[in-house]
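**Student:** Here it is, the structure, as structure tokens.
Quick note: the coordinates plus some simple rules give every number you see, no bench work behind them. Bear in mind that the values here come from a model prediction, so they are computed numbers and not experimental data. All Cβ positions, even for glycine, are placed from backbone atoms using ideal geometry, and neighbour counts span all protein chains on display.
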Amino acid sequence: MSTYIICRHDHPHSHALFLICDRCQSVQEAQPRGLSGILSDVVKPLKFALHHTALEISGLCDQCNQVVAT
């Protein structure tokens with residue numbers, strides 16, 4: 001799945017986190033506080049200039065997780 005395509009926000013952001021449900025294929029976008037700092041800590045020792053990040057996490061959304069749990 002391409003995170004570039006599914007991002008529907010019309011505001012600019014440099015870091016995004018996408019939660020993708022394995023069962024229903026729904027996608028939620030999140031921008032957790034502190035993500036930029038964590039990513040900077042990762043790339044700084046490598047002297048890498050970070051411009052944009054799109055992280056994808058797969059799992060089950062709340063609705064699908066409830067169905068599977070029953």
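**Student:** Using packing as a proxy for protection, rank 35-43, 18-26 so that the peptide with the highest average count of other Cβ atoms within 10 Å comes first.
**Tutor:** With the highest mean Cβ count within 10 Å placed first, the list reads 18-26, 35-43.
**Student:** Can you give me the distance in nm between label points at residue 62 and residue 49, each placed 7 Å from the Cα along the Cα-to-Cβ direction?
**Tutor:** That separation, rounded to one decimal, is 4.1 nm.
**Student:** Less than 12 Å Cβ to Cβ from residue 17, Lys/Arg counted +1 and Asp/Glu -1: what total charge do the surrounding residues give?
**Tutor:** Charge balance in the 12 Å sphere: -1.
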